[in-house]
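The values are calculated or read from the model by the stated rules, or taken from the named source; none is laboratory data. On a predicted model such as this, the values are computed, not experimentally measured, just so you know. Note that each Cβ is placed from the backbone with ideal geometry, even for glycine, and that neighbours are counted across all protein chains shown. For accessibility, only protein heavy atoms count, side chains too; no ligands or nucleic acids. Shrake-Rupley method; radii C 1.70, N 1.55, O 1.52, S 1.80 Å.
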Amino acid sequence: MTTPLPAIVALARAGASRQAWRLFVAAGHDRSSDPDSLTLHGRLLKDQALAATGLERAALAAQAGAAYAAAAAARPATYPLINAATLALIAGDPAAAAARAAEVLHLLETTPEPDTPWWQGATRAEALLLMGDTAGAAGALADAIAVAPLAWEDHAVTLRQFAVVIAAQGGDAGWLEAHRPPRSLHFAGSLHLDAPESDLATRIDAIIAAERIGFGYGALAAGADLLIAERLLAAGAELHVLLPGGEGAFVRESVAPWGQQARFAAVLARAASVRAVGDAALPDLAMAEADQLAMGLAVMNAGALASHPVQLVIGGAGPGQHSARLAAHWAATGRRQHVLGSLPAAQAQPASPAQLAAIIAVRPLGQPASLAATLALADRLPPLPDATIAGAGDALLLILPDPAAAASAAMALRSRLASTGPVSLAGHYGAVIMVAGQPMGPAITTALAIAAATPDTAFYASEAFAAALNAGTLPAGIGCALVGDLARPGADPVPLLALD
(Lines give C-alpha, C1' and ligand atoms only; values in the text may rest on other atoms or scores of the structure.)
Protein backbone atom coordinates (compact mmCIF):
# COMPACT_ATOMS: atom_id res chain seq x y z
CA MET A 1 0.00 0.00 0.00
CA THR A 2 1.33 3.43 -0.97
CA THR A 3 1.83 5.70 2.02
CA PRO A 4 0.08 9.04 1.52
CA LEU A 5 2.10 12.23 1.77
CA PRO A 6 0.40 13.55 4.96
CA ALA A 7 1.36 10.39 6.87
CA ILE A 8 4.99 10.79 5.82
CA VAL A 9 4.91 14.48 6.74
CA ALA A 10 3.68 13.48 10.21
CA LEU A 11 6.60 11.09 10.63
CA ALA A 12 9.06 13.73 9.46
CA ARG A 13 7.63 16.27 11.89
CA ALA A 14 7.89 13.70 14.67
CA GLY A 15 11.60 13.29 13.91
CA ALA A 16 11.41 9.78 12.43
CA SER A 17 13.14 11.02 9.30
CA ARG A 18 14.80 7.76 8.26
CA GLN A 19 11.52 5.86 8.36
CA ALA A 20 9.83 8.77 6.56
CA TRP A 21 12.47 8.66 3.83
CA ARG A 22 12.01 4.92 3.29
CA LEU A 23 8.26 5.36 2.90
CA PHE A 24 8.69 8.48 0.73
CA VAL A 25 10.88 6.65 -1.78
CA ALA A 26 8.82 3.44 -1.68
CA ALA A 27 5.71 5.47 -2.58
CA GLY A 28 7.48 7.15 -5.51
CA HIS A 29 7.08 10.65 -4.07
CA ASP A 30 10.76 11.33 -4.79
CA ARG A 31 9.92 11.37 -8.51
CA SER A 32 7.02 13.83 -8.19
CA SER A 33 7.09 17.47 -9.32
CA ASP A 34 4.17 18.43 -7.08
CA PRO A 35 5.18 21.36 -4.81
CA ASP A 36 4.14 19.51 -1.64
CA SER A 37 6.18 16.46 -2.62
CA LEU A 38 9.15 18.66 -3.53
CA THR A 39 8.95 20.46 -0.18
CA LEU A 40 8.93 17.20 1.75
CA HIS A 41 11.70 15.87 -0.50
CA GLY A 42 13.79 18.87 0.47
CA ARG A 43 13.01 18.41 4.15
CA LEU A 44 13.99 14.74 4.21
CA LEU A 45 17.20 15.39 2.28
CA LYS A 46 17.95 18.28 4.63
CA ASP A 47 17.70 15.91 7.61
CA GLN A 48 20.18 13.60 5.89
CA ALA A 49 22.52 16.50 5.12
CA LEU A 50 22.54 17.74 8.73
CA ALA A 51 23.38 14.21 9.91
CA ALA A 52 26.31 13.96 7.46
CA THR A 53 29.72 15.62 7.33
CA GLY A 54 32.20 16.95 4.78
CA LEU A 55 31.55 16.51 1.08
CA GLU A 56 28.55 14.25 1.67
CA ARG A 57 26.91 16.97 3.77
CA ALA A 58 27.48 19.58 1.07
CA ALA A 59 26.18 17.32 -1.70
CA LEU A 60 23.03 16.37 0.21
CA ALA A 61 22.45 20.02 1.15
CA ALA A 62 22.67 21.00 -2.53
CA GLN A 63 20.13 18.32 -3.47
CA ALA A 64 17.80 19.37 -0.66
CA GLY A 65 18.14 23.03 -1.63
CA ALA A 66 17.32 22.21 -5.25
CA ALA A 67 14.13 20.41 -4.18
CA TYR A 68 13.06 23.33 -2.01
CA ALA A 69 13.91 25.82 -4.77
CA ALA A 70 11.84 23.83 -7.27
CA ALA A 71 8.91 23.85 -4.85
CA ALA A 72 9.22 27.63 -4.44
CA ALA A 73 9.41 28.11 -8.21
CA ALA A 74 6.26 26.03 -8.72
CA ARG A 75 4.39 27.79 -5.92
CA PRO A 76 6.16 30.85 -4.49
CA ALA A 77 6.25 30.76 -0.68
CA THR A 78 8.70 31.77 2.01
CA TYR A 79 8.94 28.34 3.70
CA PRO A 80 10.61 26.44 0.83
CA LEU A 81 12.58 29.51 -0.24
CA ILE A 82 14.14 30.24 3.16
CA ASN A 83 15.12 26.59 3.46
CA ALA A 84 16.62 26.69 -0.04
CA ALA A 85 18.62 29.72 1.07
CA THR A 86 19.98 28.08 4.21
CA LEU A 87 20.83 24.88 2.32
CA ALA A 88 22.76 26.87 -0.28
CA LEU A 89 24.94 28.14 2.57
CA ILE A 90 25.45 24.61 3.95
CA ALA A 91 26.31 23.44 0.42
CA GLY A 92 29.08 26.05 0.31
CA ASP A 93 27.46 28.82 -1.75
CA PRO A 94 26.96 31.86 0.53
CA ALA A 95 26.26 34.16 -2.43
CA ALA A 96 23.32 32.03 -3.54
CA ALA A 97 22.15 31.87 0.07
CA ALA A 98 22.14 35.66 0.36
CA ALA A 99 20.38 36.08 -2.98
CA ARG A 100 17.62 33.65 -1.99
CA ALA A 101 17.35 35.34 1.41
CA ALA A 102 16.79 38.68 -0.34
CA GLU A 103 13.98 37.03 -2.32
CA VAL A 104 12.45 35.89 0.97
CA LEU A 105 12.46 39.43 2.35
CA HIS A 106 10.84 40.64 -0.87
CA LEU A 107 8.10 37.99 -0.59
CA LEU A 108 7.45 38.92 3.04
CA GLU A 109 6.99 42.55 2.05
CA THR A 110 4.92 42.06 -1.09
CA THR A 111 3.03 38.76 -0.89
CA PRO A 112 0.71 38.15 2.09
CA GLU A 113 0.89 34.58 3.40
CA PRO A 114 -1.41 32.84 5.92
CA ASP A 115 1.46 32.28 8.34
CA THR A 116 1.54 33.35 11.96
CA PRO A 117 3.29 36.58 12.98
CA TRP A 118 5.82 34.37 14.79
CA TRP A 119 6.74 32.48 11.61
CA GLN A 120 6.96 35.64 9.55
CA GLY A 121 9.24 37.26 12.14
CA ALA A 122 11.44 34.17 12.50
CA THR A 123 11.72 33.88 8.70
CA ARG A 124 12.72 37.55 8.44
CA ALA A 125 15.37 36.99 11.14
CA GLU A 126 16.79 33.96 9.31
CA ALA A 127 16.93 35.85 6.02
CA LEU A 128 18.82 38.72 7.66
CA LEU A 129 21.22 36.25 9.26
CA LEU A 130 21.92 34.64 5.89
CA MET A 131 22.65 38.10 4.47
CA GLY A 132 25.24 38.71 7.18
CA ASP A 133 23.16 41.13 9.29
CA THR A 134 23.56 39.50 12.71
CA ALA A 135 22.33 42.55 14.65
CA GLY A 136 19.24 42.79 12.45
CA ALA A 137 18.62 39.06 12.83
CA ALA A 138 18.89 39.28 16.63
CA GLY A 139 16.42 42.16 16.71
CA ALA A 140 13.96 40.43 14.39
CA LEU A 141 14.17 37.22 16.45
CA ALA A 142 13.53 39.13 19.67
CA ASP A 143 10.51 40.81 18.07
CA ALA A 144 9.16 37.45 16.87
CA ILE A 145 9.55 35.88 20.33
CA ALA A 146 7.75 38.86 21.89
CA VAL A 147 4.76 38.12 19.65
CA ALA A 148 4.58 34.47 20.81
CA PRO A 149 6.58 34.30 24.07
CA LEU A 150 5.31 30.85 25.10
CA ALA A 151 5.69 29.13 21.71
CA TRP A 152 8.78 27.37 23.02
CA GLU A 153 8.81 24.45 20.60
CA ASP A 154 8.63 26.88 17.66
CA HIS A 155 11.45 28.89 19.21
CA ALA A 156 13.50 25.71 19.53
CA VAL A 157 13.12 24.84 15.84
CA THR A 158 14.32 28.30 14.86
CA LEU A 159 17.23 28.27 17.30
CA ARG A 160 18.46 24.95 15.90
CA GLN A 161 18.24 26.35 12.37
CA PHE A 162 20.11 29.50 13.38
CA ALA A 163 22.83 27.44 15.05
CA VAL A 164 23.34 25.56 11.78
CA VAL A 165 23.56 28.82 9.83
CA ILE A 166 26.00 30.42 12.26
CA ALA A 167 28.21 27.30 12.26
CA ALA A 168 28.29 27.34 8.46
CA GLN A 169 29.23 31.03 8.56
CA GLY A 170 31.95 30.37 11.14
CA GLY A 171 30.31 32.85 13.53
CA ASP A 172 29.70 32.96 17.28
CA ALA A 173 26.33 31.54 18.34
CA GLY A 174 26.60 32.84 21.90
CA TRP A 175 23.90 35.47 21.32
CA LEU A 176 21.31 32.71 20.84
CA GLU A 177 21.48 31.79 24.55
CA ALA A 178 19.45 34.82 25.56
CA HIS A 179 16.59 33.59 23.37
CA ARG A 180 16.47 29.96 24.50
CA PRO A 181 13.36 28.60 26.25
CA PRO A 182 13.57 27.98 30.01
CA ARG A 183 15.62 25.05 31.32
CA SER A 184 14.27 21.79 32.70
CA LEU A 185 15.11 20.66 36.24
CA HIS A 186 15.29 17.18 37.69
CA PHE A 187 15.06 17.44 41.46
CA ALA A 188 15.46 15.05 44.38
CA GLY A 189 16.80 15.02 47.89
CA SER A 190 16.75 13.78 51.43
CA LEU A 191 13.76 13.34 53.71
CA HIS A 192 15.93 14.66 56.54
CA LEU A 193 17.14 18.20 55.90
CA ASP A 194 20.31 19.29 57.69
CA ALA A 195 19.67 23.05 57.32
CA PRO A 196 16.67 25.29 58.08
CA GLU A 197 14.09 25.30 55.30
CA SER A 198 14.23 29.10 55.06
CA ASP A 199 17.98 28.97 54.32
CA LEU A 200 17.55 26.21 51.75
CA ALA A 201 14.63 28.02 50.13
CA THR A 202 16.81 31.08 49.57
CA ARG A 203 19.50 28.96 47.93
CA ILE A 204 16.96 27.06 45.81
CA ASP A 205 15.39 30.32 44.62
CA ALA A 206 18.81 31.59 43.58
CA ILE A 207 19.49 28.43 41.55
CA ILE A 208 16.08 28.55 39.86
CA ALA A 209 16.61 32.18 38.90
CA ALA A 210 20.23 31.81 37.76
CA GLU A 211 19.46 28.71 35.68
CA ARG A 212 16.21 30.15 34.27
CA ILE A 213 14.27 27.03 35.26
CA GLY A 214 10.82 26.77 33.71
CA PHE A 215 10.04 23.07 34.20
CA GLY A 216 10.57 20.68 37.10
CA TYR A 217 10.42 16.87 37.24
CA GLY A 218 10.50 14.83 40.43
CA ALA A 219 8.54 13.29 43.28
CA LEU A 220 6.92 15.01 46.27
CA ALA A 221 8.35 13.27 49.33
CA ALA A 222 8.57 15.17 52.60
CA GLY A 223 11.74 17.16 53.05
CA ALA A 224 13.69 18.22 49.97
CA ASP A 225 11.20 17.18 47.28
CA LEU A 226 8.32 19.23 48.64
CA LEU A 227 10.52 22.22 49.36
CA ILE A 228 11.98 22.30 45.84
CA ALA A 229 8.54 21.79 44.26
CA GLU A 230 7.13 24.70 46.27
CA ARG A 231 9.95 26.99 45.18
CA LEU A 232 9.45 25.95 41.53
CA LEU A 233 5.77 26.84 41.73
CA ALA A 234 6.58 30.13 43.45
CA ALA A 235 8.87 30.97 40.52
CA GLY A 236 6.13 30.22 38.01
CA ALA A 237 7.70 27.00 36.73
CA GLU A 238 5.68 24.10 35.34
CA LEU A 239 5.75 21.15 37.75
CA HIS A 240 5.60 17.50 36.62
CA VAL A 241 5.19 14.98 39.43
CA LEU A 242 6.05 11.28 39.35
CA LEU A 243 4.84 9.18 42.27
CA PRO A 244 6.46 5.74 42.82
CA GLY A 245 3.78 3.12 43.38
CA GLY A 246 0.91 5.58 43.02
CA GLU A 247 -0.43 8.35 45.22
CA GLY A 248 -1.82 6.25 48.07
CA ALA A 249 1.28 4.14 48.60
CA PHE A 250 3.57 7.12 48.16
CA VAL A 251 1.77 9.22 50.74
CA ARG A 252 1.83 6.37 53.27
CA GLU A 253 5.56 5.76 52.81
CA SER A 254 7.08 9.16 52.05
CA VAL A 255 4.68 11.88 53.25
CA ALA A 256 2.42 10.85 56.14
CA PRO A 257 5.19 9.77 58.57
CA TRP A 258 6.41 13.40 58.51
CA GLY A 259 2.92 14.91 58.81
CA GLN A 260 3.15 16.64 55.42
CA GLN A 261 -0.14 15.48 53.86
CA ALA A 262 -1.68 18.95 53.60
CA ARG A 263 1.48 20.41 52.13
CA PHE A 264 1.70 17.51 49.65
CA ALA A 265 -1.94 17.98 48.57
CA ALA A 266 -1.47 21.71 48.05
CA VAL A 267 1.52 21.17 45.74
CA LEU A 268 -0.06 18.23 43.92
CA ALA A 269 -3.12 20.34 43.09
CA ARG A 270 -0.94 22.86 41.27
CA ALA A 271 1.12 20.36 39.28
CA ALA A 272 0.91 20.46 35.47
CA SER A 273 0.96 16.65 35.37
CA VAL A 274 0.91 13.78 37.84
CA ARG A 275 1.63 10.16 37.05
CA ALA A 276 1.94 6.96 39.03
CA VAL A 277 5.05 4.94 38.24
CA GLY A 278 5.81 1.31 39.02
CA ASP A 279 4.27 -1.30 41.27
CA ALA A 280 3.53 -0.45 44.91
CA ALA A 281 4.32 -4.07 45.77
CA LEU A 282 7.92 -3.45 44.62
CA PRO A 283 8.61 -0.08 46.30
CA ASP A 284 12.36 0.06 45.70
CA LEU A 285 11.97 -0.70 42.00
CA ALA A 286 9.06 1.72 41.71
CA MET A 287 11.23 4.47 43.19
CA ALA A 288 14.13 3.66 40.88
CA GLU A 289 11.81 3.57 37.86
CA ALA A 290 10.26 6.93 38.79
CA ASP A 291 13.75 8.40 39.18
CA GLN A 292 14.81 7.21 35.73
CA LEU A 293 11.62 8.57 34.21
CA ALA A 294 11.95 11.94 35.95
CA MET A 295 15.57 12.38 34.88
CA GLY A 296 14.86 11.28 31.34
CA LEU A 297 11.78 13.46 30.93
CA ALA A 298 13.74 16.51 32.11
CA VAL A 299 16.42 15.75 29.51
CA MET A 300 13.88 15.07 26.77
CA ASN A 301 11.92 18.25 27.48
CA ALA A 302 15.12 20.28 27.38
CA GLY A 303 16.07 18.63 24.10
CA ALA A 304 12.67 19.31 22.56
CA LEU A 305 13.04 22.99 23.49
CA ALA A 306 16.70 23.35 22.42
CA SER A 307 17.44 24.24 26.03
CA HIS A 308 19.46 22.63 28.85
CA PRO A 309 18.65 20.04 31.54
CA VAL A 310 19.78 20.75 35.11
CA GLN A 311 19.71 18.67 38.29
CA LEU A 312 19.27 19.85 41.88
CA VAL A 313 19.89 17.36 44.68
CA ILE A 314 19.71 18.22 48.37
CA GLY A 315 21.59 16.08 50.89
CA GLY A 316 20.59 15.68 54.50
CA ALA A 317 21.27 14.28 57.93
CA GLY A 318 19.67 10.86 57.39
CA PRO A 319 20.52 7.99 55.01
CA GLY A 320 21.25 9.41 51.59
CA GLN A 321 21.99 6.51 49.26
CA HIS A 322 18.98 7.26 47.07
CA SER A 323 20.00 10.87 46.47
CA ALA A 324 23.64 9.89 46.12
CA ARG A 325 22.87 7.42 43.34
CA LEU A 326 20.85 10.00 41.44
CA ALA A 327 23.56 12.63 41.79
CA ALA A 328 26.25 10.18 40.65
CA HIS A 329 24.17 9.02 37.68
CA TRP A 330 23.58 12.60 36.51
CA ALA A 331 27.17 13.70 37.11
CA ALA A 332 28.42 10.85 34.90
CA THR A 333 26.63 12.43 31.92
CA GLY A 334 28.42 15.77 32.37
CA ARG A 335 25.17 17.72 32.54
CA ARG A 336 24.62 20.81 34.69
CA GLN A 337 24.18 19.96 38.37
CA HIS A 338 23.74 21.58 41.79
CA VAL A 339 24.18 19.63 45.03
CA LEU A 340 23.26 21.32 48.32
CA GLY A 341 24.52 19.62 51.45
CA SER A 342 26.57 16.46 51.73
CA LEU A 343 25.90 13.09 50.13
CA PRO A 344 27.52 9.73 50.94
CA ALA A 345 29.36 7.79 48.25
CA ALA A 346 26.84 6.01 46.04
CA GLN A 347 26.68 2.23 46.38
CA ALA A 348 25.34 -0.38 43.99
CA GLN A 349 21.91 -1.80 44.73
CA PRO A 350 21.79 -5.48 45.74
CA ALA A 351 20.76 -8.10 43.19
CA SER A 352 17.18 -9.35 43.26
CA PRO A 353 14.95 -11.67 41.20
CA ALA A 354 13.06 -8.50 40.23
CA GLN A 355 15.17 -5.89 38.48
CA LEU A 356 14.62 -2.82 36.37
CA ALA A 357 15.65 -3.59 32.83
CA ALA A 358 15.37 -2.52 29.23
CA ILE A 359 13.31 -4.94 27.16
CA ILE A 360 13.68 -5.32 23.40
CA ALA A 361 11.02 -7.38 21.63
CA VAL A 362 11.84 -8.49 18.08
CA ARG A 363 8.89 -9.75 16.07
CA PRO A 364 9.05 -11.22 12.57
CA LEU A 365 6.11 -10.02 10.47
CA GLY A 366 4.13 -11.81 7.81
CA GLN A 367 3.67 -15.55 8.33
CA PRO A 368 3.72 -16.65 11.98
CA ALA A 369 7.19 -17.81 12.91
CA SER A 370 8.00 -20.82 15.03
CA LEU A 371 9.65 -20.18 18.37
CA ALA A 372 12.78 -21.93 17.11
CA ALA A 373 12.95 -19.66 14.06
CA THR A 374 12.43 -16.59 16.22
CA LEU A 375 15.12 -17.61 18.67
CA ALA A 376 17.47 -18.07 15.71
CA LEU A 377 17.39 -14.29 15.36
CA ALA A 378 19.62 -14.19 18.43
CA ASP A 379 22.47 -15.51 16.29
CA ARG A 380 22.54 -12.11 14.57
CA LEU A 381 23.03 -10.18 17.80
CA PRO A 382 26.37 -8.63 18.73
CA PRO A 383 28.04 -10.14 21.83
CA LEU A 384 25.99 -9.15 24.89
CA PRO A 385 27.40 -10.70 28.06
CA ASP A 386 24.80 -9.12 30.39
CA ALA A 387 21.79 -10.02 28.28
CA THR A 388 19.00 -12.48 28.94
CA ILE A 389 17.53 -13.86 25.71
CA ALA A 390 14.21 -15.67 25.68
CA GLY A 391 11.26 -16.39 23.44
CA ALA A 392 7.68 -15.32 24.00
CA GLY A 393 5.19 -16.48 21.39
CA ASP A 394 6.48 -15.32 18.02
CA ALA A 395 8.83 -12.70 19.53
CA LEU A 396 12.42 -12.72 20.66
CA LEU A 397 13.00 -10.96 23.99
CA LEU A 398 16.28 -9.31 24.79
CA ILE A 399 16.63 -8.14 28.41
CA LEU A 400 19.48 -5.84 29.39
CA PRO A 401 20.06 -3.72 32.51
CA ASP A 402 21.48 -0.82 30.47
CA PRO A 403 18.99 0.95 28.15
CA ALA A 404 21.81 2.36 25.99
CA ALA A 405 23.24 -1.12 25.38
CA ALA A 406 19.75 -2.39 24.60
CA ALA A 407 19.08 0.40 22.09
CA SER A 408 22.44 -0.12 20.37
CA ALA A 409 21.83 -3.86 20.16
CA ALA A 410 18.37 -3.29 18.68
CA MET A 411 19.77 -0.94 16.05
CA ALA A 412 22.49 -3.45 15.14
CA LEU A 413 19.96 -6.27 14.95
CA ARG A 414 17.62 -4.23 12.75
CA SER A 415 20.48 -3.55 10.36
CA ARG A 416 21.46 -7.22 10.22
CA LEU A 417 17.86 -8.31 9.63
CA ALA A 418 17.20 -5.75 6.88
CA SER A 419 17.54 -8.35 4.12
CA THR A 420 15.88 -11.32 5.83
CA GLY A 421 12.24 -10.21 5.71
CA PRO A 422 9.85 -7.87 7.51
CA VAL A 423 10.55 -7.44 11.20
CA SER A 424 9.61 -4.94 13.89
CA LEU A 425 11.42 -3.99 17.08
CA ALA A 426 9.98 -2.56 20.28
CA GLY A 427 11.51 -1.22 23.47
CA HIS A 428 10.18 -0.85 27.00
CA TYR A 429 11.65 -0.26 30.46
CA GLY A 430 10.31 -1.58 33.71
CA ALA A 431 10.41 -4.24 36.39
CA VAL A 432 11.27 -7.73 35.10
CA ILE A 433 10.87 -10.79 37.31
CA MET A 434 12.88 -13.86 36.36
CA VAL A 435 11.06 -17.15 36.97
CA ALA A 436 13.01 -20.28 36.05
CA GLY A 437 15.03 -18.27 33.55
CA GLN A 438 11.96 -16.78 31.86
CA PRO A 439 11.28 -13.01 32.13
CA MET A 440 7.83 -12.26 33.51
CA GLY A 441 5.71 -9.28 34.55
CA PRO A 442 3.54 -6.50 33.11
CA ALA A 443 6.56 -4.83 31.50
CA ILE A 444 7.04 -7.90 29.28
CA THR A 445 3.38 -7.77 28.25
CA THR A 446 3.73 -4.08 27.38
CA ALA A 447 6.85 -4.68 25.30
CA LEU A 448 5.08 -7.39 23.29
CA ALA A 449 2.05 -5.13 22.76
CA ILE A 450 4.31 -2.38 21.42
CA ALA A 451 5.99 -4.86 19.07
CA ALA A 452 2.59 -5.92 17.75
CA ALA A 453 1.79 -2.26 16.96
CA THR A 454 5.14 -1.43 15.35
CA PRO A 455 5.35 -1.35 11.53
CA ASP A 456 7.96 -3.10 9.43
CA THR A 457 11.56 -1.83 9.81
CA ALA A 458 10.55 0.55 12.59
CA PHE A 459 11.79 0.61 16.19
CA TYR A 460 9.08 1.93 18.51
CA ALA A 461 9.65 2.35 22.22
CA SER A 462 7.63 3.42 25.21
CA GLU A 463 8.18 6.77 26.83
CA ALA A 464 9.62 4.87 29.81
CA PHE A 465 12.29 3.32 27.59
CA ALA A 466 13.08 6.63 25.89
CA ALA A 467 13.31 8.39 29.26
CA ALA A 468 15.60 5.74 30.75
CA LEU A 469 17.74 6.01 27.62
CA ASN A 470 17.94 9.79 27.85
CA ALA A 471 18.61 9.71 31.58
CA GLY A 472 22.04 8.36 30.74
CA THR A 473 24.29 9.13 27.79
CA LEU A 474 22.32 8.68 24.58
CA PRO A 475 24.25 6.50 22.09
CA ALA A 476 25.57 8.45 19.12
CA GLY A 477 23.25 8.56 16.14
CA ILE A 478 20.09 7.57 18.01
CA GLY A 479 17.20 9.99 18.29
CA CYS A 480 13.70 9.69 19.78
CA ALA A 481 10.53 11.27 18.41
CA LEU A 482 6.93 10.93 19.57
CA VAL A 483 4.72 9.13 17.03
CA GLY A 484 1.51 8.44 18.97
CA ASP A 485 -0.04 6.38 21.75
CA LEU A 486 -0.61 2.67 22.27
CA ALA A 487 -4.15 2.19 23.58
CA ARG A 488 -4.60 -0.39 26.35
CA PRO A 489 -8.02 -1.63 27.57
CA GLY A 490 -8.54 -0.58 31.17
CA ALA A 491 -5.21 1.22 31.42
CA ASP A 492 -3.63 4.53 30.46
CA PRO A 493 -2.28 4.69 26.90
CA VAL A 494 1.46 4.25 26.43
CA PRO A 495 3.17 7.15 24.61
CA LEU A 496 5.23 5.69 21.75
CA LEU A 497 8.41 7.13 20.29
CA ALA A 498 10.24 6.15 17.15
CA LEU A 499 13.93 5.47 17.69
CA ASP A 500 15.95 6.17 14.60
Subject >> Residues of the range 223-301: accessible area per residue with a 1.4 Å probe, Å² >> reply: 40 Å²
Original post:
Top to bottom by accessible area (1.4 Å), largest first, where do 258, 118 land?
Top reply: 258, 118
**OP:** With a/c under 1.5 counting as rounded, go ahead and sort the chain into rounded, prolate or oblate using the C-alpha gyration tensor (a ≥ b ≥ c being the square roots of the eigenvalues; past the cut-off, prolate if a/b is larger than b/c, else oblate).
**Re:** oblate
Original post:
In deg cm²/dmol and to the nearest 500, what is the mean residue ellipticity at 222 nm of the chain if only DSSP H runs of at least 4 residues count, each as -39500 (n - 2.57), divided by the residue total?
Top reply: -16000 deg cm²/dmol
Original post:
Under a point-charge model restricted to the Cβ atoms of Lys and Arg (+1) and Asp and Glu (-1), what is the dipole moment magnitude of the chain relative to its Cα centre, in debye to the nearest 20?
Top reply: 580 debye
Original post:
Counting only residues 5 or more places away or on other chains, whose amide H sits under 5 Å from the amide H of residue 238 once H atoms are built in the peptide plane?
Top reply: 215, 216
**OP:** Between beta-carbons, use under 13 Å as the cut-off and find the net charge around residue 468, counting Lys and Arg +1, Asp and Glu -1.
**Re:** -4
Original post:
Counting alpha carbon pairs within less than 8 Å and at least 6 residues apart, what relative contact order, in whole percent, applies to the range 7-145?
Top reply: 15 percent
**OP:** Determine the sum of side-chain charges near residue 74: Lys and Arg each +1, Asp and Glu each -1, restricted to other residues whose C-beta is under 11 angstrom from that of residue 74.
**Re:** -1
Original post:
With θ set to phi - 60° and the Karplus curve 6.51 cos²θ - 1.76 cosθ + 1.60, what are the ³J(HN,Hα) couplings of the range 126-138 in order, to the nearest whole Hz, using x for Gly and Pro?
Top reply: 5, 4, 4, 5, 5, 8, x, 9, 5, 4, x, 5, 4
Subject >> residue 197 accessible area, assembled protein chains, probe 1.4 Å, Å² >> reply: 70 Å²
**OP:** Go through 192, 338, 106 and list them by solvent-accessible area, largest first, probe radius 1.4 Å.
**Re:** 106, 192, 338
Subject >> Relative contact order computed over the chain (Cα-Cα under 8 Å; 6+ residues apart), in percent >> reply: 11 percent
**OP:** Pick out, in residue order, every one of the trypsin sites (Lys or Arg not before Pro) in the range 264-330 that is DSSP loop and has at most 15 other C-beta atoms within 10 Å; say none if there are none.
**Re:** 270
**OP:** Take peptides 199-205, 423-429, 38-44, 494-500 and line them up by average Cβ neighbours within 10 Å, highest first, as a rough protection proxy.
**Re:** 423-429, 38-44, 494-500, 199-205
**OP:** With a 1.4 Å probe and all protein chains in place, put 227, 105 in order of accessible area, largest first.
**Re:** 105, 227
Subject >> Peptides 444-455, 80-91 ordered by average Cβ neighbours within 10 Å, highest first >> reply: 80-91, 444-455
Subject >> Sorted peptide list for 52-58, 127-133, 178-184, criterion being average Cβ within 10 angstrom, highest first >> reply: 127-133, 178-184, 52-58
